[in-house]
1. Could you tell me the extents of the stretch 62-146's C-alpha atoms along the three principal axes, largest first, rounded to whole Å?
2. Taking amide H positions as placed 1.01 Å from N in the peptide plane, with prolines and chain starts having none, which residues 5 or more places from Leu93, or on another chain, fall under 5 Å of its amide H?
3. Suppose every K and R has +1 on its Cβ and every D and E has -1 on its Cβ; what is the size of the dipole of the stretch 54-150 about the Cα centre, in Debye to the nearest 20?
4. Work out the FRET efficiency for Thr127 and Asn29 from their Cβ-Cβ distance, taking R0 = 22 Å, and round it to the nearest 0.05.
5. How long is the gain from Ser99 to Ser115 if the chain were fully straight, where each residue apart is worth 0.36 nm and the alpha carbon distance is subtracted?
Amino acid sequence: MRKRWILVAAIVAAVATAGAEVLADDFGNSPLAATPIVVGGAPLEGCIETAGDADYFLWSAVAGRTYRLLTSHLSSGMDTLLYLFDSDGSSILVVDDDSGTGGASQITFTAPRDSVFFAMVRHANATAGIGCYGISIAMLQVDDHGNDPLSATPLTVGAAARSGFLEQASDRDVVARSEQPFEGAGSGPGALDGGVALRLWPGLGECHAW
């Protein structure tokens, strides 16, 4: 009888282990267990293994930059619901269901500050839906300042500093003011590996990478 109970216990343990492997959660279910996602990287492949499952992700955003979060490569029957949370991991900023293609989701978001933000994916049918998906994030290359005097960004004396970003190696950010004399300073590498140089003219300043 003892051997029989040992055998039964072994079978139960084996079944439980097999079930745990089949239903293993691929991504964390809370902001504390969120998986970092690389901006501009390949999509991460995830699955909603059980009804009610939620997968959390995070990334570091730059103030003023616009990002696009989207789901893709949906398995049969998958319909994603995509949430964007503020840096506290609980304040909902945006929710999207079907702005993507074929049940996929998409959110475009401009970061109000340098901070970590969170995304969460679940099935639109929270009570019964399961399936797999890909999630990715890209930074949209929107030029923040003009590249020549005609499209220069006006500056006001005594006003708060204006931020800028060099979106690509050939980008130039031009700013202008009418008062004399003109003094300025540039700092920060922007999107490039290198410094930032500031050229000054009477009434016109040009910031470019070198």
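Each reported figure results from applying straightforward, stated rules to the coordinates on display, with no laboratory input. No experiment lies behind these values; they were computed from the predicted model shown. Glycine also receives a Cβ, built like all others from the backbone with ideal geometry; neighbour counts cover every protein chain displayed.
1. The principal-axis extents, from largest down, are 47, 27, 15 Å.
2. Answer set, sorted by chain and number: Leu84, Phe85, Asp86.
3. Value, rounded to 20: 180 debye.
4. After rounding to 0.05, the efficiency reads 0.85.
5. Values: separation 16, 0.36 × 16 = 5.76 nm, distance 2.52 nm.
Here the segment from Ser99 to Ser115 would lengthen by 3.2 nm.
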